[in-house]
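As structure tokens, the structure follows; a few thoughts come after it.
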Amino acid sequence: MGLAYSYKIFVPAQNVARALLELTKLAPPTRRVTPLTVTMPGGDRVVVPFTSNFKSEPVDCSTSGRLQLDTSIMFGVDDAVREFCGDRDSEPDEFGRVRIGYVYLTVRFAPAPHPRFASLEFTAATSGMSRLFERSASIRAVFTGLTAASGGVCCLLDTDSDTFQICWLNGQPIQDTVPGPCFANYRDLVSVWPGQDQ
């Protein structure tokens, strides 16, 4: 089994549709897939340029707690991305971005540890991409930018260890860990998200 590092974004539960719409802005403009219609738990529908389990049939999440998407995302080119792409035909677009392959997204609409917040977990498809997730400042910036644009409260990098890297917290980029000097455990981190006292 290879590495499967992931960026985890946490947004207020009602912001999932907004997060998915922001994510569509990061899709490759030249990639042609049949648009996928997703029915959200509240009944709203969102159309995304991705597949679910590599199919384009509509997905109904109105009675489900989870959504799986196969995404393709554009990332800015930094040294780590350039090295990862190597000799592959990865011509940057007009904004200097390239796609690096599939990134698998799992949305959990109301996880038990924090039911007011949904989680969007973006998992690298390969060990090489996992290492890229950890090394690339450009990739980190895409996920923290998506967190901000979605009204998210937290973004973590999970490197399959006992420690998560905190990349974004309550409106600010941050470089910290959990457990770490500020948060003894995950529960302590969640306790500082807004609205926890309601």
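The values are calculated or read from the model by the stated rules, or taken from the named source; none is laboratory data. Just so it is clear, the model here is predicted, and its values are computed rather than measured. Neighbour counts are summed over all protein chains in view; Cβ atoms, including those assigned to glycine, are modelled from backbone coordinates with ideal geometry. These accessible areas exclude ligands, DNA and RNA; they are computed on the full protein's heavy atoms, side chains included. Shrake-Rupley method; radii C 1.70, N 1.55, O 1.52, S 1.80 Å.
Looking only at the stretch 72-98, count how many residues are of a type in the set (A, V, I, L, M) and free of Cβ contacts under 8 Å to residues at least 40 places away in the same chain. Let's see the steps before the verdict.
Initial filter on the stretch 72-98 (of a type in the set (A, V, I, L, M)): 73-74, 77, 80-81, 98.
This time we only want the ones that are free of Cβ contacts under 8 Å to residues at least 40 places away in the same chain, so: 98.
Number satisfying all stated conditions: 1.
Just need a number here: residues in the stretch 12-36 that are over 16 Å from the mean Cα position of the chain (by Cα), surrounded by 14 or more Cβ atoms within 10 Å (Cβ to Cβ) and of a type in the set (Val, Ile, Thr).
Counting residues in the stretch 12-36 that are over 16 Å from the mean Cα position of the chain (by Cα), surrounded by 14 or more Cβ atoms within 10 Å (Cβ to Cβ) and of a type in the set (Val, Ile, Thr) gives 1.
Please verify whether the stretch 57-67 includes one or more residues that are touching a Cys at 6+ places or on another chain (Cβ under 7 Å) and hydrophobic (A, V, I, L, M, F, W, C).
Taking the stretch 57-67 first, the residues touching a Cys at 6+ places or on another chain (Cβ under 7 Å) are 67.
When the remaining residues are screened for being hydrophobic (A, V, I, L, M, F, W, C), the result is 67.
Scanning the stretch 57-67, I find at least one residue that is touching a Cys at 6+ places or on another chain (Cβ under 7 Å) and hydrophobic (A, V, I, L, M, F, W, C), so the answer is yes.
With the requirement that a residue be surrounded by fewer than 12 Cβ atoms within 10 Å (Cβ to Cβ) and under 20 Å from the mean Cα position of the chain (by Cα), what does the stretch 172-198 give you?
If the condition is that a residue be surrounded by fewer than 12 Cβ atoms within 10 Å (Cβ to Cβ) and under 20 Å from the mean Cα position of the chain (by Cα), then GLN172, GLN175 are the ones that fit.
Limited to the stretch 47-88, what total is found for residues that are out of contact with any strand residue (DSSP E or B) (no Cβ under 7 Å at 6 or more places or on another chain), within 22 Å of ALA137 (Cα to Cα) and either assigned to a loop (DSSP other than H, G, I, E, B) or open to solvent by 90 Å² or more (accessible area, probe 1.4 Å) (or both)? Show your work before the answer.
From the stretch 47-88, those out of contact with any strand residue (DSSP E or B) (no Cβ under 7 Å at 6 or more places or on another chain) are 49, 55, 57, 63-64, 78-80, 82-83, 86-88; that's our starting set.
Imposing the further condition that a residue be within 22 Å of ALA137 (Cα to Cα) reduces the set to 78-80, 82-83, 86-88.
Checking which are either assigned to a loop (DSSP other than H, G, I, E, B) or open to solvent by 90 Å² or more (accessible area, probe 1.4 Å) (or both) leaves us with 78-79, 82-83, 86-88.
Qualifying residue count for the region: 7.
Would you say GLY101 is without any contact (Cβ under 8 Å) to a residue 60 or more places away in the chain, surrounded by fewer than 18 Cβ atoms within 10 Å (Cβ to Cβ) and within 17 Å of the chain's Cα centre (by Cα)?
Numbers: without any contact (Cβ under 8 Å) to a residue 60 or more places away in the chain: yes; surrounded by fewer than 18 Cβ atoms within 10 Å (Cβ to Cβ): yes; within 17 Å of the chain's Cα centre (by Cα): yes.
Considered against the rule, which asks whether it is without any contact (Cβ under 8 Å) to a residue 60 or more places away in the chain, surrounded by fewer than 18 Cβ atoms within 10 Å (Cβ to Cβ) and within 17 Å of the chain's Cα centre (by Cα), GLY101 comes out as yes.
Look at the stretch 133-159 and say how many of its residues are crowded, with 22+ Cβ neighbours inside 10 Å, of a type in the set (A, V, I, L, M, F, W, C) and closer than 14 Å to ILE100 by Cβ.
Counting residues in the stretch 133-159 that are crowded, with 22+ Cβ neighbours inside 10 Å, of a type in the set (A, V, I, L, M, F, W, C) and closer than 14 Å to ILE100 by Cβ gives 3.
Report whether or not LEU67 is touching a residue at least 24 places away in the same chain (Cβ under 8 Å) and within 20 Å of CYS154 (Cα to Cα). If you could, list the steps in order and put the result at the bottom.
On the way: touching a residue at least 24 places away in the same chain (Cβ under 8 Å): yes; within 20 Å of CYS154 (Cα to Cα): yes.
Yes.
Mind listing just one residue for me: the one in the stretch 117-130 that is part of a helix (DSSP H, G or I) and touching a helix residue (DSSP H, G or I) at 6+ places or on another chain (Cβ under 8 Å) and, of those, nearest to THR147 (Cα to Cα)?
Within the stretch 117-130, the first condition is being part of a helix (DSSP H, G or I), and the residues that meet it are 127-130.
After this cut, where a residue has to be touching a helix residue (DSSP H, G or I) at 6+ places or on another chain (Cβ under 8 Å) as well, the list is 128-129.
Working: GLY128: 24, MET129: 20 Å.
Checking each candidate, the answer is MET129.
Take ARG131 and tell me if it is of a type in the set (Lys, Arg) and over 23 Å from ASN185 (Cα atoms). Quick ask: steps written out before the conclusion?
Numbers: of a type in the set (Lys, Arg): yes; over 23 Å from ASN185 (Cα atoms): yes.
Yes; evaluated as a whole, the condition is true for this residue.
Give the residues of the stretch 107-149 that are among the β-branched types (Val, Ile, Thr) and over 12 Å from the mean Cα position of the chain (by Cα), sorted by residue number. Lay out the reasoning, then the answer.
Of the residues in the stretch 107-149, the ones among the β-branched types (Val, Ile, Thr) are 107, 123, 126, 139, 142, 144, 147.
Of everything in the stretch 107-149, just one residue is among the β-branched types (Val, Ile, Thr) and over 12 Å from the mean Cα position of the chain (by Cα), namely THR126.
Cβ-Cβ below 6 Å, separation at least six or inter-chain, first residue in the stretch 178-196 and among the polar types (S, T, N, Q), second part of a loop (DSSP other than H, G, I, E, B): which pairs?
Once the first residue is among the polar types (S, T, N, Q) and sits in the stretch 178-196, its partners that are part of a loop (DSSP other than H, G, I, E, B) give ASN185/PRO179.
If you go through the stretch 157-168 one residue at a time, do you hit one that is over 29 Å from SER62 (Cβ atoms), among the small types (Gly, Ala, Ser), touching a residue at least 40 places away in the same chain (Cβ under 8 Å) and in a loop (DSSP other than H, G, I, E, B)? Walk me through how you get there before you give the answer.
Of all residues in the stretch 157-168, those over 29 Å from SER62 (Cβ atoms) come to 157, 159-168.
Those left that are additionally among the small types (Gly, Ala, Ser): 161.
Right, trim to touching a residue at least 40 places away in the same chain (Cβ under 8 Å) and you get none.
No, the stretch 157-168 contains no residue that is over 29 Å from SER62 (Cβ atoms), among the small types (Gly, Ala, Ser), touching a residue at least 40 places away in the same chain (Cβ under 8 Å) and in a loop (DSSP other than H, G, I, E, B).
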